[in-house]
Amino acid sequence: MHISFFFRTFVPDLELDWCNICTSLIIGLVYKSTNRKHWKCVFTYMKRKIYSELLNWKNSRARKEALMIDGARRVGKSFIVETFAKNEYKSYILLDFTNASTKLKNLFRDYLDNLDQFFMHLSLETGVTLYEHQSLIIFDEVQKYPQAREAIKYLVADNRYDYIETGSLVSINQNVKNINIPSEEHRINMYPMDLEEFLWALGDELMMPFVCECYQQKRPLDQSLHRKMMDYLRLYMIVGGMPQAVLTWTETHDFNAVDVVKRNILSLYRGDISKYAKQQAPKVTRIFDTIPAMLQRHEKKVRLSDLAKGARMRNWETAFFWLNESRVINSCYAATEPTVGLGMRLNDSALKVYMADTGLLISHAFSEATIRAEELYRKLMHNKLEINQGMLVENLVAQMLVATGRDLYFFSSYSKTNSEDTMEIDFLVAKPVISSRHNIHPIEVKSSSRYTTSSLEKFQHKFGEQLAPSIVFHSGNLKAENGVVYLPLYMAALL
């Protein structure tokens, strides 16, 4: 039964935002009350913005192409798709190719030349009735059976039902041997939960729209609200955006339980490296293990000498590419000049590597068995841990920028003879509307209340006419001084 139908039928006087109900992932938790005579049902919902993209596809493109959802493991792809199927279709079939039977797989071999027989046998095998133009067929973990992906061409052309595929990006791209990749695919990316989705999961749907309004009007928040948002941001940084970790926090408020979830995900990623990286596995593992140390340094560029003696980028670029394609990391590339088309002005030998989820980075960085997660996280939450929190904050800003669909670029230069040419800018971001000049925002990220902006000043002096207003993300409130816009860290989600 659809959730919206339940409320309309049994609670008709309750005013609800039906769009929000339908864009929610509903998780039902049933447990006995203390007197064991009554059952109580609690619904916790976690809305995901990607749901609106699924709706747009269904309403405009589903008759022409299947939807392929790319993303890292455990970002919630399978869950959002099945919830979408339950809410938006009369019936659906979920084919999980991780454990699909040989008989079911053989349908793609035996009946693709007779789709009437194919759908009849598919319904019989799954026990689900299919309704023309009202049913969805889901190919979950499609990389495990590439022949099903190849069949999309014929299934979409048949035009009876809609199709969604999900899978891990790196294995999707690898498992294409001897198949024709269908052009009838519309691919979208799915990321960990962003800051606003995290607040929704905590039950706060009002704060981010208000923050957005302040950002658009360029006015600071009231100090009490600013402190509240900074507390939210620190909690988001610690818990991270992996849905299982977020759900565990909302259910238990137990940092130890959250840490167990995150470490399980990290173990899963290590398993994927061993399984899918093949000959590159030792190099990929080395990069993965070195990420916290690279981010801990003041200069966060990758030093290949830290990975192996005499290492050259040409021998390691495939390993970096593998981690980036798997969405385990967010790569940030060095641009040689702050002009439109940053991707055309790259220094291929220089890059920075961030973890795709900052919550995972914390569990990855503090991996000693003797460290108690609860104590560590409480100190991080209250800013009382004597570590370089700059690496966590910069990683978090990178994560928030990527969640908005941006690629990451930075600028770095060094001169032995002229200190004015030695500078590093954390991020470069193009304006959404391009003009003849002043198109690139240089961005600096500051984790403490005491900081300097010497690199930013030198960068402005050298490239002034090419730059849009400079931005400093910091722990303070919004302000503008001397041509620089100072934004609270949480506004990186709105840039």
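Per-residue Karplus couplings for segment 333-338, computed as 6.51 cos²θ - 1.76 cosθ + 1.60 with θ equal to phi - 60°, are listed in order as 9, 7, 9, 7, 7, x Hz, Gly and Pro entered as x.
Taking 19 Å as the straight-line reach from the Cα of K58, the aspartates and glutamates in range (excluding those fewer than 8 positions away in the same chain) are D70, E82, E88, E132, D140, D158, D162, E165, E184, E185. Since only H438, S305, H253 are under comparison, the one whose Cα sits farthest along the positive direction of the charge dipole of the chain, derived from C-beta charges on Lys, Arg, Asp and Glu, is S305.
Solvent-free Debye calculation, one equal scatterer per alpha-carbon of segment 49-190: log10 I(q)/I(0) at 0.13 Å⁻¹ equals -0.50. For the chain, the relative contact order works out to 12 percent when only alpha carbon pairs closer than 8 Å and six or more residues apart are counted. Calculated mean residue ellipticity, 222 nm, the chain: -13000 deg cm²/dmol, from DSSP H runs (n ≥ 4) at -39500 (n - 2.57) each, averaged per residue and rounded to 500. Within 10 Å, Cβ to Cβ, of L487, how many net charges do the neighbouring residues add up to if Lys/Arg are +1 and Asp/Glu are -1? Once positives and negatives cancel, what remains is +2.
Under 5 Å from the amide H of N330 lie the amide H atoms of Y354, M355, A356, each residue being 5 or more positions distant or on a separate chain, with H modelled from the backbone and absent for Pro and chain starts.
Taking θ as phi - 60° and the Karplus parameters 6.51, -1.76 and 1.60, the scalar couplings of segment 266-279 work out to 4, 5, 4, 5, 4, x, 5, 4, 4, 7, 10, 6, 6, 5 Hz in sequence order, x denoting glycine and proline. In this structure, the amide hydrogen of L408, modeled 1.01 Å from its nitrogen in the peptide plane, lies closer than 5 angstrom to those of Y333, counting only residues at least 5 positions away or on a different chain. Taking θ as phi - 60° and the Karplus parameters 6.51, -1.76 and 1.60, the scalar couplings of segment 311-320 work out to 5, 10, 4, 4, 8, 10, 5, 5, 5, 5 Hz in sequence order, x denoting glycine and proline. With K and R counted +1 and D and E -1, the other residues having a Cβ less than 15 Å from that of A373 yield a net charge of 0. Farthest toward the positive end of the dipole of segment 339-495, out of L360, H382, F410, is the Cα of H382, where the dipole comes from beta carbon charges about the Cα centre. Coordinate range of the alpha-carbon atoms in the chain per principal axis, descending: 76, 58, 54 Å. Between the C-alpha center of segment 107-145 and that of segment 274-352 there is a gap of 41 Å. Database remark: amide H of I93 closer than 5 angstrom to the amide H of L136, I137, I138 (H placed geometrically; neighbours at sequence offset of 5 or more, or on other chains; Pro and chain starts carry no H). Each of the peptides 308-315, 333-340 was scored by the mean count of other Cβ atoms within 10 Å over its residues; in descending order, highest first, they stand as 333-340, 308-315. What is the local net charge at A85, summed over the other residues whose Cβ is closer than 12 Å to its Cβ (Lys, Arg +1; Asp, Glu -1)? Within the 12 Å Cβ shell, the charges total -1.
Each of N264, I80, S183 was scored by the projection of its Cα onto the charge dipole of the chain, and the greatest displacement toward the positive side belongs to N264; charges sit on the C-beta of Lys, Arg, Asp and Glu.
Taken about its Cα centre, the chain carries a charge dipole of about 920 debye when Lys and Arg each add +1 at the Cβ and Asp and Glu each add -1 at the Cβ. Cross-link partners of K462 among lysines, defined as those whose alpha carbon lies under 18 angstrom from its own and excluding same-chain residues fewer than eight positions apart: K416.
Read-outs: derived from the displayed coordinates by stated rules, not from any lab. Owing to the predicted nature of the structure, the values given are computational and were not obtained by experimental measurement. Cβ coordinates were reconstructed from backbone atoms using ideal geometry, including for glycine residues, and neighbour counts include every protein chain displayed.
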